[in-house]
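Structure record follows, encoded as structure tokens.
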């Protein structure tokens, strides 16, 4: 006959061997991650890095529900709907993916976008968003003007500059005005070439815009950063090289794809910082009370390989200022 003591020891041993007691008994919060693109995802890795710095360990005290749309609008909408139905504490929408979450009202949404969140209807103001959306925006009119100045320094003979811009981008008009003002101050003739295109799928509008840019016979090309242009960054870089045009972009990803130079905030770093907002939301802060951030640190990236293809010798003053040079 088994003693009562032996039975108790057996029960306790079984309990401590079970998965429920091998982990924290409290259910870890679940964070939804929504991306329009595919893996590998450097922005997700940046967000994970930010969480780790704050003491979050995935699978222990936080769970990430990840949805990648792979460039499909239908898959993006389905992923957003799936996360909205699931028991996530908040959703992080990377770049263009935020559009798929516009109808979500009862879940905090964190974003890092290239456009103007107020013009897009995501917030009442940068200081007090007022709804369930907050995060960071890369849009900076000072930076837009600085790109023209840096391009002029890199290409002193610049006289005619074509600006390629997606009109389907909140804040595009303000960015254009800042670029026009900077070009005028430097004696540069700015040729504005616009197109309207979603980041998803091919569109003849971009091809028509590139043909218009070619016909303008510019000395250089500047491309406004947004979801559509970054999705076509390889095509844009190849076009600029084929036309022997020095190109200026807003983010380093364009230069990694073959662009000549870029000046702007680091997208990865912005997603690292976004983890601190996720932490605040998990601790009870409402998105309405979290100001939308604008980056304060910007990086200049140069592609020497592209410069050689274009026959350009980059001035030493620009090279010394660069944060990263692609050999």
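The values are calculated or read from the model by the stated rules, or taken from the named source; none is laboratory data. What you see is a predicted model, and the numbers here were worked out from it, not measured in a lab. So basically every Cβ, Gly included, is an ideal-geometry build from the backbone, and we count neighbours across all protein chains shown.
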In the stretch 164-175, is there at least one residue being touching a strand residue (DSSP E or B) at 6+ places or on another chain (Cβ under 6 Å) and either closer than 21 Å to residue 270 by Cα or not assigned by TED's automatic domain parsing to the domain that holds residue 310 (or both)? yes
For residue 298: the one exception among (1) touching a helix residue (DSSP H, G or I) at 6+ places or on another chain (Cβ under 7 Å); (2) closer than 17 Å to residue 91 by Cα: (2)
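Listed here are the residues, each with its yes/no results for (1) without any contact (Cβ under 8 Å) to a residue 24 or more places away in the chain; (2) closer than 16 Å to residue 282 by Cβ.
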| residue | (1), (2) |
| --- | --- |
| 60 | no, yes |
| 63 | no, yes |
| 68 | no, no |
| 73 | no, no |
| 78 | yes, no |
| 81 | yes, no |
| 85 | yes, no |
| 89 | no, yes |
| 99 | yes, no |
Can you tell me which residue is modelled with the lowest pLDDT among those in the stretch 167-179 that are in contact with a helix residue (DSSP H, G or I) (Cβ under 9 Å, 6 or more places away or on another chain) and either surrounded by fewer than 18 Cβ atoms within 10 Å (Cβ to Cβ) or assigned to a helix (DSSP H, G or I) (or both)? 168
Exactly one condition in (1) without any contact (Cβ under 8 Å) to a residue 24 or more places away in the chain; (2) not in a loop (DSSP other than H, G, I, E, B) is not met by residue 111; state its number. (1)
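Results for (1) assigned by TED's automatic domain parsing to the domain that holds residue 106; (2) closer than 20 Å to residue 154 by Cβ; (3) part of a helix (DSSP H, G or I); (4) without any contact (Cβ under 8 Å) to a residue 12 or more places away in the chain, shown as yes or no for each residue.
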| residue | (1), (2), (3), (4) |
| --- | --- |
| 258 | no, yes, no, no |
| 272 | yes, no, yes, no |
| 276 | yes, no, yes, no |
| 281 | yes, no, yes, no |
| 285 | yes, no, no, yes |
Does residue 193 satisfy the condition of being surrounded by 18 or more Cβ atoms within 10 Å (Cβ to Cβ) and in contact (Cβ under 8 Å) with a residue 60 or more places away in the chain? no
Return only the number of the condition from (1) over 30 Å from residue 219 (Cβ atoms); (2) out of contact with any strand residue (DSSP E or B) (no Cβ under 8 Å at 6 or more places or on another chain) that residue 277 does not satisfy. (2)
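Yes/no matrix, rows are residues, columns are (1) more than 19 Å from the chain's Cα centre (by Cα); (2) under 28 Å from residue 28 (Cβ atoms); (3) buried (at least 16 other Cβ atoms within 10 Å of the Cβ):
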{"site": "72", "(1), (2), (3)": "no, no, no"}
{"site": "101", "(1), (2), (3)": "no, yes, yes"}
{"site": "109", "(1), (2), (3)": "no, yes, yes"}
{"site": "112", "(1), (2), (3)": "no, yes, yes"}
{"site": "124", "(1), (2), (3)": "yes, no, no"}
{"site": "136", "(1), (2), (3)": "no, yes, yes"}
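Results for (1) buried (at least 23 other Cβ atoms within 10 Å of the Cβ); (2) within 25 Å of residue 137 (Cβ to Cβ); (3) under 19 Å from the mean Cα position of the chain (by Cα), shown as yes or no for each residue.
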site	(1), (2), (3)
220	yes, no, no
233	no, yes, yes
241	no, no, no
246	yes, no, no
253	no, yes, yes
276	no, yes, yes
303	yes, no, no
309	no, no, no
316	no, no, no
Please verify whether the stretch 215-229 includes one or more residues that are over 17 Å from residue 192 (Cβ atoms) and not in a helix (DSSP H, G or I). no
Could you please find all residues in the stretch 253-263 being modelled with pLDDT of 95 or more and closer than 18 Å to residue 113 by Cβ? 254, 262
Only one of 210, 206, 151, 164 that is crowded, with 23+ Cβ neighbours inside 10 Å, touching a residue at least 24 places away in the same chain (Cβ under 8 Å), on the phi < 0 side of the Ramachandran plot and part of a helix (DSSP H, G or I): 151
Give me a count of the residues in the stretch 78-99 that are buried (at least 16 other Cβ atoms within 10 Å of the Cβ), touching a helix residue (DSSP H, G or I) at 6+ places or on another chain (Cβ under 9 Å), on the phi < 0 side of the Ramachandran plot and not in a loop (DSSP other than H, G, I, E, B). 12
